[in-house]
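To start, the structure itself, in structure tokens.
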Amino acid sequence: MLAVRDSVAPQGYDKRAHCMIAAGIAQRCSVFEADLAGLGKELNDLFARDGDASWADWRADRAGIRCARHGRDPAVLAACCAESGY
């Protein structure tokens, strides 16, 4: 999962990063693992001192998982995330 995160170019918009990274995890691992990673990150943010838990991040993750079905091309994923509002 860290390899996927590190392979995605920095995004100017946090929700787009969530969408792109969740798509990559769903493609390289599984939908279950992408869900688990997104939920785990938000739970960690909930209990971390400087965390920023957000259901909007979770929704962006879910959009990325849906976008993962469109192919591995980063441009296609970015377009799908943009069409989904991220």
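Points to keep in mind about this one:
- Residue satisfying condition, being in a helix (DSSP H, G or I), free of Cβ contacts under 8 Å to residues at least 60 places away in the same chain and surrounded by 15 or more Cβ atoms within 10 Å (Cβ to Cβ), within set Leu77, Leu36: Leu77
- Residues (more than 14 Å from the chain's Cα centre (by Cα) and within 11 Å of Gln27 (Cβ to Cβ)) located in the stretch 51-71: His70, Gly71
- Taken over the stretch 40-55, the criterion of being surrounded by 14 or more Cβ atoms within 10 Å (Cβ to Cβ) and not charged (D, E, K, R) is satisfied by Ala53, Ser54.
Computed from the coordinates by the stated procedures, all read-outs in this text should not be read as laboratory data. Only a predicted model underlies this, so the values are computations on that prediction, with no experimental measurement involved. Heads up, the Cβs are rebuilt from the backbone with ideal geometry, glycines too, and the neighbour counts pull from every protein chain shown.
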